[in-house]
Amino acid sequence: MSVPVIEIADVSKRFVIRKEKSLKERIVNFGRSNLHKDDFWALKDVNVTIGSGSTVGLIGPNGSGKSTLLKLIGGIIQPNSGSVRLRGRLAALLELGAGFHPDLTGRENVYLNASILGISRAQTNRYFDAIVDFSGIEPFIDTQVKFYSSGMYVRLAFSVAVHVDPDILLVDEVLAVGDEPFQRKCMDRIRGFQHEGRTIVLVTHALDQVADLCDRALVLEHGHVVADGEPQHALRVLRADFESARQNEIERAQARSSTAPAPAARIAWATVGGETSGEQTVSVRSFDPLRVRVHIEPEQPLKDWVLGIGVQTAMGTTVFGTNTQLLGIDTPPLEEPATFEFVLRDLNLGEGLYTIRADLVGGDGHEIHRLPEAASLQVHGDGRSQGSIAANSSFARA
Amino acid sequence: MTTEGLSRAERLAAEPLRPAGPRSGFFTGTWRSMTDLSSHRELLDLLVRRELKARYKDSVLGFFWSLAKPLAMLLVYYVAIGKFLGAEQTPGRPTGIPGFAIFIFTGLTAWQLFSDIVVGSTGSIVANSGLVKKVYVPREVYPLSVVGAALFNFAIQMVILLGATVLMGDFPTGRRWAYFVLAFAVLVVWSTAVGLLLAAVNVYLRDVQYLIEILIMIFMWASPILYAWKFVEGTVRGFWLDLYLANPMTLVVLGFQRALWVAGSGELFPGNLAQLLLIALAVSVLALWVCQRVFARLQSNFAQEL
């Protein structure tokens, strides 16, 4: 078991939103000041322990308390109850170039920003060339920062940030800035940090980054931790939440406009490999053909429609997808419930867990209904490959 | 895990857990605040430089502008009060103030430092809100960086003032400087205390930064800067005189004048000025401590109030 470096115990944080700020408003509204207060719990009873050397992703919808938790760890705000305790040096990259002053030159800003991040001047002197080199903006280092392009600005800021020497690194949405080669450098640097056993806590909306970098993920929702564990697991929880939120939104939109037509049809179920129920996980081998059956129940006669299916990894990346339009099929008008079958031959999936999605789209391109995780599929490979696709591979001197 | 990772984990295991952010205890937190600040000396230094460099960065005359204001004030007051209202001592007016230009500039220099520190500090947390919200460093560094920059301006004004005394042939020497050291200490400690407190309050009540500019203007007349102490003593008595002398800035200005205004050596000063300054210093140090603790208490919510 690794050493706990961050201990968050029973932490709650309440935000009070006062609607007035000036003296006049406060005096005028003195007796009614409670009417002008609004408060909500940004975090409620959060308990998390993070061990050294782990990389933890904090994910969740906007306003779920991710950044608040990060700021609590960073000591930028204080909890209303509970405690946050740390071991080791901490550096927070909550905003790139937070301390940059537009009127100072790049060089001056490097020293200032480094100092804000807790790097001593002697260390900055030592790293200075490396920082400038990493940023790749050497010709402009003595130019005032206000003349920088936004790309140059973040590159310089990131370069300073990655030269800090923390035990705990807090990152908020600032990984991978700049153009692609620079992004690659950033990610390499982060992997280097992991290799050196530093603890990284990152808040991001780039879910594939979480899958890619983290060995643990926390899903926050309305200030509660709703999932904690393997990134795959956490991502599935989050995606299911997003999906239900999306459905709610669609329903609300429909409820608002009473003139809007009721959904013309729905996909009742979809199965894989002849199983009648979509609940079970179906096991198949890598090179097996796959039969996907989809059952459609029209509420009213359905004239012009397109049915699509997709195979997704547990991370939610679509590895395969097709639909009747792509297959060049003219779908018949539909009045009664009917079942259709897609046969996927030569689908060489790699070992792992996959889900099947099915969607029904009207001829005008509007989605009629969809099942994001209609069925799940466990693919067993031959143990001779990794990744989402399989191939018959061999190795020999050419 | 790599060996580097393992050794890091071992080192961390030996460390105790510490709370994130500042410690809140009113008395116990003092020591920690001080060590926290002293570990950020370099940052403070850089922030002072930033303050100075950024202030007149794109102007042609640069630092000259920080001198322009006190010099303009000197000129205006010298002409308006010294000449027109007749406060300057001339052969025809023996009751006036001797060495009037030096007298006024001495007071103005002291007052300018006080005003720079208090007004600058008050807005400092709000002005640095981007940093306050994103990075944790002891928040005292922002008001303190204003103090540093103000001291730099003060130093330039002092050079001019001393140059002027040389020109007048009245360069202060000897034991007078003890008054200067004492008054200067009171000035810095007292204005820092006020600045820290107002910086924190201003986060919650933004009106403070506008209010303080008016108060600074009013209180300038509550200290003997533009008029001499002898006029005050001749007018108010008893409680009101004590009240007038209870203002640390009055004592500071008197101390400055006692030290640097050589032409006024024969003029009237409160007899126990040295004792009063020592008391003011003790009070200021106490005030600084209290204000810092209040600041530490209020700063935990800075990030969400900005």
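Descriptive notes on the structure:
- Test: B:V194 is β-branched (V, I, T), under 22 Å from B:V147 (Cα atoms) and out of contact with any Ser or Thr (no Cβ under 7 Å at 6 or more places or on another chain): yes
- Filter pass, A:S277 being exposed (fewer than 15 other Cβ atoms within 10 Å of the Cβ), modelled with pLDDT under 85 and over 29 Å from the mean Cα position of the chain (by Cα): yes
- Boolean, A:K44 is modelled with pLDDT under 90 and over 26 Å from A:S2 (Cα atoms): yes
- Residue identified as surrounded by fewer than 22 Cβ atoms within 10 Å (Cβ to Cβ) and out of contact with any Gly (no Cβ under 8 Å at 6 or more places or on another chain) among B:F114, B:F152, B:F105: B:F152
- Of all residues in the range A:140-156 being polar (S, T, N, Q) and touching a strand residue (DSSP E or B) at 6+ places or on another chain (Cβ under 8 Å), the one that is nearest to the other protein chains (Cβ to nearest Cβ): A:Q144
- Among the residues of the range B:121-140, those identified as out of contact with any strand residue (DSSP E or B) (no Cβ under 8 Å at 6 or more places or on another chain) and either at the interface with chain A (Cβ under 10 Å from one of its Cβ atoms) or not in a helix (DSSP H, G or I) (or both) are B:N128, B:G130, B:L131, B:V132, B:K133, B:V137, B:P138, B:R139, B:E140.
- Applying the set (1) more than 12 Å from chain B (Cβ to nearest Cβ); (2) closer than 23 Å to A:L90 by Cα to A:G136 leaves exactly one unmet item: (2).
- Residues of the range B:253-272 that turn out to be of a type outside the set (F, W, Y) and farther than 18 Å from B:V188 by Cβ, as a count: 10
- Residues satisfying the stated conditions in the range A:340-371, i.e. outside any loop (DSSP other than H, G, I, E, B) and either farther than 30 Å from A:N248 by Cα or at pLDDT below 80 (or both): A:V343, A:L344, A:L349, A:G352
- Residue list for the range A:228-246, filter: within 13 Å of A:S64 (Cα to Cα) and in contact with a strand residue (DSSP E or B) (Cβ under 8 Å, 6 or more places away or on another chain): A:L238, A:D241
- Residue in the range B:1-23 that is among the polar types (S, T, N, Q), closer than 30 Å to B:V132 by Cα, within 14 Å of chain A (Cβ to nearest Cβ) and in a loop (DSSP other than H, G, I, E, B) present: no
- Matching residues in the range B:92-108 - criterion: being in contact (Cβ under 8 Å) with a residue 60 or more places away in the chain and either within 14 Å of chain A (Cβ to nearest Cβ) or part of a helix (DSSP H, G or I) (or both): B:A101, B:I102, B:F103, B:I104, B:T106, B:G107, B:L108
- Residue, surrounded by the most Cβ atoms within 10 Å (Cβ to Cβ), within the range A:128-157, restricted to residues that are without any contact (Cβ under 8 Å) to a residue 40 or more places away in the chain and either charged (D, E, K, R) or assigned by TED's automatic domain parsing to the domain that holds A:I190 (or both): A:R155
- Output for the range B:201-221, where each listed residue is within 25 Å of B:G271 (Cα to Cα) and surrounded by 15 or more Cβ atoms within 10 Å (Cβ to Cβ): B:F219, B:M220
- Of all residue pairs spaced 6 or more apart or on separate chains, those with beta-carbon atoms under 7 Å, a first member in the range A:69-90 that is at the interface with chain B (Cβ under 7 Å from one of its Cβ atoms) and a second member that is among the hydroxyl-bearing types (S, T, Y) are A:G74/B:Y136; A:G75/B:Y136; A:I76/B:Y136; A:Q78/B:S300.
- Taken over the range A:37-66, the criterion of being surrounded by fewer than 18 Cβ atoms within 10 Å (Cβ to Cβ), among the small types (G, A, S) and not in a loop (DSSP other than H, G, I, E, B) is satisfied by A:G51 alone.
Yes/no per residue for (1) at pLDDT below 85; (2) part of a helix (DSSP H, G or I); (3) over 30 Å from B:K230 (Cα atoms); (4) of a type outside the set (D, E, K, R):
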position	(1), (2), (3), (4)
B:L61	yes, no, yes, yes
B:A72	no, yes, no, yes
B:A110	no, yes, no, yes
B:P143	no, yes, yes, yes
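- The range A:91-128 - residue that is more than 7 Å from chain B (Cβ to nearest Cβ), of a type in the set (G, A, S) and part of a helix (DSSP H, G or I) and, of those, farthest from A:V5 (Cα to Cα): A:G106
- Taken together, the residues in the range A:335-370 that are in contact with a Phe, Trp or Tyr (Cβ under 7 Å, 6 or more places away or on another chain), crowded, with 18+ Cβ neighbours inside 10 Å and more than 25 Å from A:S244 (Cα to Cα) amount to 1.
- Residue that is surrounded by the fewest Cβ atoms within 10 Å (Cβ to Cβ) [pool: residues in the range A:180-203 that are away from chain B (no Cβ under 12 Å) and touching a Lys or Arg at 6+ places or on another chain (Cβ under 9 Å)]: A:F182
- Filtered residue count, the range A:309-339, keeping only those that are out of contact with any Pro (no Cβ under 9 Å at 6 or more places or on another chain), closer than 30 Å to A:R216 by Cα and in a strand (DSSP E or B): 7
- Conditions (1) over 11 Å from the mean Cα position of the chain (by Cα); (2) surrounded by fewer than 19 Cβ atoms within 10 Å (Cβ to Cβ); (3) over 19 Å from B:L278 (Cα atoms); number of the one not met by B:L198: (2)
- Those helices (runs of 4 or more DSSP H) lying entirely in the range A:150-246 with at least 1 residues modelled with pLDDT under 80: A:207-213
- Residue among B:V159, B:V208, B:V186, B:V194 that alone is at pLDDT below 95 and closer than 30 Å to B:R293 by Cβ: B:V208
The values are calculated or read from the model by the stated rules, or taken from the named source; none is laboratory data. Bear in mind the structure is a predicted one, so any value in this text is a computation, not a measurement. All Cβ positions, glycine included, derive from the backbone under ideal geometry; neighbour counts span all protein chains shown.
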